[in-house]
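For reference, the structure is listed below as structure tokens.
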2 protein chains.
Amino acid sequence: MPKSVNTIIERFNEKNIRLTPQRICVYQFLLENRIHPTVDTVYTHLKKSNPSLSKTTIYNTIDALSSAGLIRTIIANEGEARLDAYTDFHGHFFCEKCGLVTDFCLDGCSFPDQIDGFEMKTIEVRATGTCPNCR
Amino acid sequence: MPKSVNTIIERFNEKNIRLTPQRICVYQFLLENRIHPTVDTVYTHLKKSNPSLSKTTIYNTIDALSSAGLIRTIIANEGEARLDAYTDFHGHFFCEKCGLVTDFCLDGCSFPDQIDGFEMKTIEVRATGTCPNCR
DNA sequence: GTTCCTGCAAAAGCTTTGCAGAAGA
DNA sequence: TCTTCTGCAAAGCTTTTGCAGGAAC
């Protein structure tokens, strides 16, 4: 069994998430493909090796994993959800031409860590423009 | 004629946008109600004084005004578009409980103004959490 | 007069819901 | 065994599209 699957099982157990093959596949795909895929991309890829897989299951899995804090969803400008299994602090760059989503580093940047009266949970930095390939 | 409508007419002329009553209403509503309304909110409000108004026209107007740079759309976490007629640099705080969207100041904060290889056009800072009323 | 806009209806696309059978613990 | 998940079909919502009539310029 590949090491990564053991890691996944550990994390699911830590978070008290029920282990199912579908959830493992989805999470593994996100960990190994750091491309901020759409729901449909995940579905299309995993459907190949698991023809009975349903899109509803992808959505259910997203709910479970993001409630547990293992993944997060970012909304692309088209209003379509994109998935990210890396929850460390980084920015997202959206290419307006090809739709590519790329991480970028936010080390050395500063942000308000508090706004008076508000309880801040997450902060996200999004940039749009044109990626190197499209220029 | 109120001063604000003259300002709107000037801006439309500057941007070479055709003047229609519907567009003026939408833009005026956004300037006077800094609440980051959804498309439906704008539609419902303006429909009262203009019963024949269509949602398609709201969408067409959003296209025209945002292409001209007069407004911008921000995607709430639910995937619904919200409108902002203030294009100066500020952050957006989304309350997870009531859905309120509030501006917050980004003075004194620092961001990457360039990412190598990428042509950056816009940058947006989004925070989520709980607003004062919901705490 | 020409161009562009409005508004209706229908379609498209992503996501959610209800539910019966199946699988995890 | 009990709880929870999967997957199908259908519904829900926001947004887009096609088009005829109408308004802006």
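Applying a 4.7 Å Cβ-Cβ cutoff to the protein assembly as shown leaves A:CYS25, A:CYS98, A:CYS105, A:CYS109, A:CYS134, B:CYS25, B:CYS98, B:CYS105, B:CYS109, B:CYS134 as cysteine residues with no disulfide-compatible partner. Each Lys and Arg adds +1 at its Cβ and each Asp and Glu adds -1 at its Cβ; summed about the Cα centre, the range A:3-78 shows a dipole of about 160 debye. The distance separating the Cα centre of the range A:11-70 from that of the range B:92-135 comes to 28 Å. If the only charges are +1 at each Lys and Arg Cβ and -1 at each Asp and Glu Cβ, what is the size of the charge dipole of the range A:58-135 around the Cα centre, to the nearest 20 debye? So the magnitude is around 300 debye.
Apply the a/c threshold of 1.5 to the C-alpha gyration tensor of the range A:49-135 and tell me whether it is rounded, prolate or oblate. Oblate. Rounded, prolate or oblate: which fits the range B:10-94, taking a ≥ b ≥ c as square roots of the Cα gyration tensor eigenvalues, rounded meaning a/c under 1.5, else prolate when a/b beats b/c? Note, shape of the range B:10-94 comes out oblate. When +1 charges are put on Lys and Arg Cβ atoms and -1 charges on Asp and Glu Cβ atoms, the dipole computed for chain B relative to its Cα centre reaches about 680 debye. In the range A:80-135, taking the dipole from charged Cβ atoms about the Cα centre, the farthest positive-side position among A:PHE104, A:CYS131, A:PHE94 is held by A:CYS131.
DSSP bridge analysis restricted to the range B:48-127 gives an antiparallel fraction near 80%, rounded to the nearest 5. Under the rule of -39500 (n - 2.57) per DSSP H run of 4 or more residues, summed and divided by the residues of chain B, what mean residue ellipticity at 222 nm is obtained, to the nearest 500 deg cm²/dmol? Only helices count here, giving -11000 deg cm²/dmol.
Heavy-atom accessible surface of the range B:88-129, averaged per residue, reaches 50 Å², computed with a 1.4 Å probe.
What number comes out for the charge environment of A:TYR86, summing +1 per Lys or Arg and -1 per Asp or Glu over other residues with Cβ under 10 Å away?
-1
Each Lys or Arg adds one and each Asp or Glu takes one away; over the other residues whose Cβ falls under 12 Å from the Cβ of A:LEU53, this sums to +4.
Share of chain B's accessible area from carbon and sulfur, percent, 1.4 Å?
Details: 3460 of 7360 Å².
That share works out to 47 percent.
Measuring with a 1.4 angstrom probe and ignoring ligands and nucleic acids, A:TYR43 comes out at about 50 Å² accessible.
Ordering B:ILE115, A:ILE74 by accessible area with a probe of 1.4 Å, largest first, what comes out?
B:ILE115, A:ILE74
When only Cα pairs below 8 angstrom with a gap of at least 6 residues are kept, chain B shows a relative contact order of 19 percent.
Computed from protein heavy atoms with a 1.4 Å probe, the total accessible area buried between B and A is close to 2700 Å².
Rounded to whole numbers, the Karplus 3J(HN,Hα) couplings from phi for the range A:44-53 are 4, 5, 6, 4, 4, 8, 9, x, 8, 4 Hz, using 6.51 cos²θ - 1.76 cosθ + 1.60 with θ = phi - 60°, and x at Gly and Pro.
The values are calculated or read from the model by the stated rules, or taken from the named source; none is laboratory data. What you are looking at is a predicted structure, and each value in this text was computed from that prediction instead of being measured. For neighbour counting, all protein chains shown are included, and Cβ atoms are generated from backbone atoms with ideal geometry for every residue, glycine included. These area figures cover heavy atoms from the full protein model, side chains too; ligands, DNA and RNA do not enter into them. Shrake-Rupley method; radii C 1.70, N 1.55, O 1.52, S 1.80 Å.
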